[in-house]
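The values are calculated or read from the model by the stated rules, or taken from the named source; none is laboratory data. These figures come from a predicted structure and were not determined experimentally. With ideal geometry, Cβ positions are generated from the backbone for all residues, glycine too; neighbour counts draw on all protein chains shown. Surface areas here come from the heavy atoms of the whole protein model, side chains and all, with no ligands, DNA or RNA. Shrake-Rupley method; radii C 1.70, N 1.55, O 1.52, S 1.80 Å.
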Amino acid sequence: MKLFTVGPVEMYPETLEESARQLPYFRTAEFSEIMLQSERMLLELAGASQGSRAVFLTASGTGAMEAAVINCLDQTDFVLTVDGGSFGHRFAQICQRHGITQEILHLEFGETLSEQMLEASYRDGMTALLVNLDETSIGQLYDIKIISAFCKRHHLLLVVDAISAFLSDEVLMDQYGIDILILSSQKAFALAPGISAAILSPKAIELVQQRGTDLMYFDFREYLRDGERGQTPFTPAVGILLTLHTRLERLVAAGREQVRASIRGIALDFRKKVSALPIEIPAYPLSNAVTPLYFPQGNARKIYESLRRDYDITITPTGGALSDYLLRVGHIGNLTVEDNDRLIRAMKEILEMPS
Ligand SMILES: *Cc1c(COP(=O)(O)O)cnc(C)c1O
């Protein structure tokens, strides 16, 4: 089985081997040192400014999205939420549940987020912007430069869910004024799901300390305090944290730009090859993490199923109204151009094209 998904993704043999080992007890100096190193490496890869911190949560990405919103915002805030797909919609739902006032910038499928759209949605008294840098449900990569300038112009706290954009696309916290960056283990880190991180800028840390929260499990103040000595308030997903440390060492050694160039290479190779097939690629800017494929005849589901059944290949189906029209091919994890060739050959056979 080969996974061209966006999470969990095809994992590296090294990760699989490491995952099979007995876990250590974690309230130890050795484990603390691993956590402190992981935090430092993560901050470096994220281009975070001096004084930034990372909190490690045992939760899927949505847990970190909700925790970030609750720890940094409250009913006195007025948020602009970019809803261009199911993940943006999730941010909107989180705000709604927690009584945070918001304006929703809704994008129709196919629309590209623009500066004009952001400005048209701006209202007096706004305090923060919530955005999923790569709206993974459709693969649109929003322009961080436009978003960053907009937030600076209006003094908005910038909360970025970069769960699929991190490592795949350019995500630099300090350079783009990102206050809170949300990450998760099962995307470009190519690890098991279960660990998510929120990286907080000094400004976000101040907000967390000022605001406080009623939450117990997700109280960032506790994570920040225990994190100073490399610990977490509760038992974390120890095994995933160990594999994260190993991945981070590889990624830091390779270099952020090299990692991104390599994912981009796989994505561009696939896009070039798929352009010979009767499949459309939407016109909006794309994340290197994933290529959305649009099937105008509405046979997307059938192709997805045939790939799984007859070729042992899993690409990513799409939920909701687009389910018959849109499939997504992930480019993150342990994939090569040869894997792309295999997928293209299979798709040609299914579409009854000469190979
Ligand atoms: C995968 C992903 C998430 C996380 O979803 P979970 O199922 O909670 O892990 C959140 N945001 C984006 C943009 C994602 O790609």
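Screening the chain for DSSP H helices whose Cα atoms reach 18 Å or more along their own axis and whose mean Kyte hydropathy is at least -1.0 gives 29-45, 238-254, 256-274, 337-350.
Taking only protein heavy atoms and a 1.4 Å probe, the accessible area of the chain is 51% carbon and sulfur. Treating each Cα of the stretch 187-272 as one equal point scatterer and applying the Debye formula with no solvent, the log10 of I(q)/I(0) at q = 0.25 Å⁻¹ comes out as -1.26. Computed per residue of the chain from DSSP H runs no shorter than four, each worth -39500 (n - 2.57), the mean residue ellipticity at 222 nm is -13000 deg cm²/dmol. Structure note, pairs 152/272; 272/302; 187/348: Cα-Cα distances above 29 angstrom occur for 152/272.
Qualifying GluC sites (Glu not before Pro) in the stretch 84-143, where qualification requires a DSSP coil assignment and no more than 11 other C-beta atoms within 10 Å, comprise 108. Solvent-accessible area of residue 109, all protein chains in place: 80 Å² (probe radius 1.4 Å, heavy atoms, ligands and nucleic acids excluded). An ellipsoid equivalent to the stretch 1-124, defined through the eigenvalues of its Cα gyration tensor, has semi-axes of 35, 21, 15 Å when rounded to whole angstrom and sorted largest first.
Taking amide H as placed 1.01 Å from N in the peptide plane, residue 143 has no amide H partner under 5 Å among residues 5 or more places away or on another chain. Taking the inverse of the mean reciprocal distance over all distinct Cα pairs, the Kirkwood hydrodynamic radius of the stretch 1-42 comes to 12.8 Å.
How about the stretch 265-313: which trypsin sites (Lys or Arg not before Pro) there are in a DSSP loop, with at most 16 other Cβ atoms within 10 Å of their Cβ? Sites meeting the loop and neighbour criteria: none at all. Taking only the Cα atoms of the chain, the radius of gyration and Dmax are 20.3, 64 Å. For the stretch 123-258, what does the alpha-carbon gyration tensor say about shape, rounded, prolate or oblate, given a ≥ b ≥ c as the root eigenvalues, a/c under 1.5 as rounded, and a/b over b/c as prolate? In terms of gyration-tensor shape, oblate. About its Cα centre, the dipole of the chain is roughly 360 debye, where the only charges are +1 on Lys and Arg Cβ and -1 on Asp and Glu Cβ. Accessible surface calculations at 1.4 Å, restricted to protein heavy atoms, place the chain at 42 Å² per residue.
Normalised by 2.2 N^0.38 Å, where N is the number of residues, the alpha-carbon radius of gyration of the stretch 204-355 equals 1.42.
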